[in-house]
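Please read the structure below before turning to the comments.
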Amino acid sequence: MRLKWDKQYLKYSLYGFLTVALSIMFYLLLNNVGYLYSFFSLNFGVVRRLLSPFIIGASIAYLLNPGVRWFERKLYGRVAFINQHKKLRRLISILSMYIILISGITLLIVFVAPQITNNIRDIINNVDNYYTFTT
């Protein structure tokens, strides 16, 4: 005699099995939370060091993308030769944004770094005055 598969009962059986399996996994997770915490706390530094270049790169790409799109559409989209080659237009837009970013960082360092060093030097020279004033 051949058994008929009832799809509705098969679905209910699968739901029941998954519920029991997930309940057991949740129970085991709660019982071993101390081991999991120690494992992740020990390995978090390694994972962070491995993923930090990718996170920094993705952040830079995310922040520079609006400028690249603006250069690509508005500025270089009007130049006839560059407009025909989409990859070249994208490349020149990316290079333009990198040049602007590096120039901005350089100008910031040139103008702000001397002020910061002067302020730090003043703080170090006046530590005694600050100490006597606060006590």
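No lab work stands behind these numbers, since they all come straight from the coordinates. Since this is a predicted model, take the numbers as computed values, not measurements. Note that we place each Cβ from the backbone using ideal geometry, even for glycine, and neighbour counts take in every protein chain shown.
If I model a spin label at SER59 and ASN126 as a point 7 Å from the Cα along the Cα→Cβ vector, what separation in nanometres do I get?
Distance between label points: 3.3 nm.
Which residue, VAL112, VAL20, VAL79, has the most motion in a Gaussian network model of the chain that connects Cα atoms within less than 10 Å?
Residue with maximal mean-square fluctuation among VAL112, VAL20, VAL79: VAL20.
Go through [x] -0.27, -0.86; [y] -0.77, -1.03; [z] -0.57, -0.92 and flag the label whose value is the computed log10 I(q)/I(0) by the Debye sum over Cα atoms at q = 0.09, 0.17 Å⁻¹ for this structure.
Answer by label: [y].
How large is ³J(HN,Hα) for each residue in segment 19-34, as worked out from phi by the Karplus curve 6.51 cos²θ - 1.76 cosθ + 1.60 (θ = phi - 60°), to whole Hz, x for Gly and Pro?
5, 5, 5, 5, 5, 5, 5, 5, 4, 5, 5, 5, 6, 10, 5, x
When the helix-only estimate is applied to the chain (DSSP H runs of n ≥ 4, each -39,500 (n - 2.57), divided by the residue count), what is the mean residue ellipticity at 222 nm, nearest 500 deg cm²/dmol?
My calculation for the chain gives -30000 deg cm²/dmol from helical runs alone.
Among ASN125, PHE81, GLY45, whose Cα lies farthest out toward the positive end of the dipole of the chain, if unit charges sit on the beta carbon of Lys, Arg (+1) and Asp, Glu (-1)?
Among ASN125, PHE81, GLY45, the one farthest towards the positive end of the dipole of the chain is PHE81.
Could you name the lysines whose alpha carbon sits less than 23 Å from that of LYS86, not counting residues in the same chain fewer than 8 places away?
Qualifying lysines at Cα under 23 Å: LYS74.
Karplus couplings for segment 53-69 from phi (6.51 cos²θ - 1.76 cosθ + 1.60, θ = phi - 60°), rounded to Hz, Gly and Pro as x?
Values, residue by residue: x, 5, 5, 5, x, 5, 5, 5, 4, 5, 6, 8, 4, x, x, 5, 5 Hz.
What nm value, rounded to one decimal, do you get for the distance between THR135 and LEU108 when each label is placed 7 Å out toward the C-beta?
Computed distance between label sites THR135 and LEU108 equals 3.9 nm.
Given the C-alpha centroids of segment 42-105 and segment 20-41, what is the distance between them in whole angstrom?
Value for the Cα centre distance between the two parts: 42 Å.
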